[in-house]
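**Q** Just passing along the structure, written as structure tokens.
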Amino acid sequence: MRIARFSIDGNVAFGAVEGDAPPAGPADGLVLDIIKGIPFTDFELSGTKVPLSEVRLLPPVLPSKVVAFGRNYSEHATELGNAVPDDPFAFFKPSTSVVGSGDDIVHPSFSEELHHEAELAVVIGRMCREVPRERVADVIFGYTCANDVTARDVQKREKQWARAKGFDSSCPLGPWVETGIDLATAGDLTVQCTVNGAQRQLGRTSEMIHPIEDLIVNITQAMTLLPGDVILTGTPAGVGPLTDGDEVAVTIEGIGTLTNKVIKRG
């Protein structure tokens, strides 16, 4: 099931996305069956349906935290001149960095070098801590597309990555959460990024150094994850610059396409 979060007529709701998107566009032919309640508990479909083209998609979840893992694809680590870490390497993006598909990525005034990073995002479905490897699938709600937008010059200049990767609009998520992908399938999906229609990144999640299981085991040894929290699993090689006016799209096999435009602040 594809679960979207959206607004219509000033109201916010979750809905199950129904239908297949034709080549004309991701919204054409799709409808939302509005969910009664929230999707992290038992819920029912209301039967009230609205065309996806008539709503504004919001970030599919509002995470209390986004835990991102860096340098989890060896070719990406190499392209930036970094060593491949022996253990998972985590950092945080604040909840205020999250935007949805169709929202703008606002180029921060303090950076001259903005980069895209296409990633598979894991959405947590239940409160969990110290998750054993064999129980990882039990705590996953689903998967979505993410763009770990990075102020690369600031990342290089500052020892901490808080500003470089945590600025407002630096974490686009969407367009929805796909709950019908199992853990084994998620471990071998195509991840692609295009900028203005030209391909920049193309990789597979099977190229991860540390698979999804290892990432969740690693971070839950240290902290509690809550329903709606998001794990970013790293980006394949091919990261590159974004300039004002660019349209960047992250497409993940079996999930969908997350599209955002870069604009200048102010």
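**Q** Tell me which trypsin sites (Lys or Arg not before Pro) from region 189-266 have a DSSP coil assignment and no more than 16 other beta carbons within 10 Å of their own.
**A** Answer in residue order: R265.
**Q** What's the local net charge at R200, with K and R +1, D and E -1, over the other residues with C-beta under 11 Å away?
**A** My count for the surroundings of R200 gives -2.
**Q** Near A118, within a Cβ-to-Cβ distance under 9 Å, what is the net charge of the other residues, with Lys and Arg +1 and Asp and Glu -1?
**A** -2
**Q** Checking a compactness column here: for region 12-158, what do you get for Rg(Cα) / (2.2 N^0.38 Å), N being the number of residues?
**A** Here the Cα radius of gyration is 1.26 times the empirical estimate.
**Q** Express the accessible area of the chain per residue in Å², computed with a 1.4 Å probe while the remaining protein chains stay in the model.
**A** Here the per-residue accessible area is 43 Å².
**Q** Determine the gain in length on full extension of the stretch K49-E134; use 0.36 nm per residue of separation and subtract their C-alpha separation, reporting nm with one decimal.
**A** The span from K49 to E134 would gain 26.8 nm if fully extended.
**Q** Here's something else I'd like to know. Restricting to DSSP loop positions (anything but H, G, I, E, B) with no more than 16 other Cβ atoms inside 10 Å of their own Cβ, which chymotrypsin sites (Phe, Trp or Tyr not before Pro) remain in region 81-136?
**A** For chymotrypsin sites (Phe, Trp or Tyr not before Pro) across region 81-136 that sit outside H, G, I, E and B with at most 16 neighbouring Cβ atoms in 10 Å, the list reads F110.
**Q** Moving to a separate point now. If N is the number of residues in region 86-221, what value comes out of its Cα radius of gyration divided by 2.2 N^0.38 Å?
**A** The value comes to 1.09.
**Q** Just give me a number: lysine pairs in the chain, eight or more positions apart or cross-chain, with C-alpha atoms less than 23 Å apart.
**A** For the chain, the number of qualifying lysine pairs is 13.
**Q** Starting from region 123-188, pick out the GluC sites (Glu not before Pro) whose DSSP state is loop and whose Cβ has at most 13 other Cβ atoms within 10 Å.
**A** In loop regions of region 123-188 (DSSP not H, G, I, E or B), the sparsely surrounded GluC sites (Glu not before Pro) are E130, E158.
**Q** Taking only Cα atoms and a 10 Å spring cutoff, compute GNM fluctuations for the chain and point out the largest among T179, T233, T48.
**A** T48
**Q** Sticking with this one: Tell me the carbon and sulfur percent of the accessible area for the chain, rounded to whole percent, probe radius 1.4 Å.
**A** 49 percent
**Q** To the nearest 500 deg cm²/dmol, what mean residue ellipticity at 222 nm is calculated for the chain from DSSP H runs of n ≥ 4 alone, each contributing -39,500 (n - 2.57), summed and divided by the residues?
**A** -2500 deg cm²/dmol
**Q** Give, as a single signed number, the net charge of other residues whose beta carbon lies under 11 Å from the beta carbon of A146, with Lys and Arg counted +1 and Asp and Glu -1.
**A** Taking every Cβ under 11 Å from that of A146, the sum is -2.
The values are calculated or read from the model by the stated rules, or taken from the named source; none is laboratory data. None of the values given here were measured: they were computed from a predicted structure. No Cβ is skipped: glycine too gets one built from the backbone with ideal geometry, and neighbour counts run over all protein chains shown. Surface accessibility is based on the protein's heavy atoms, side chains included, excluding ligands, DNA and RNA. Shrake-Rupley method; radii C 1.70, N 1.55, O 1.52, S 1.80 Å.
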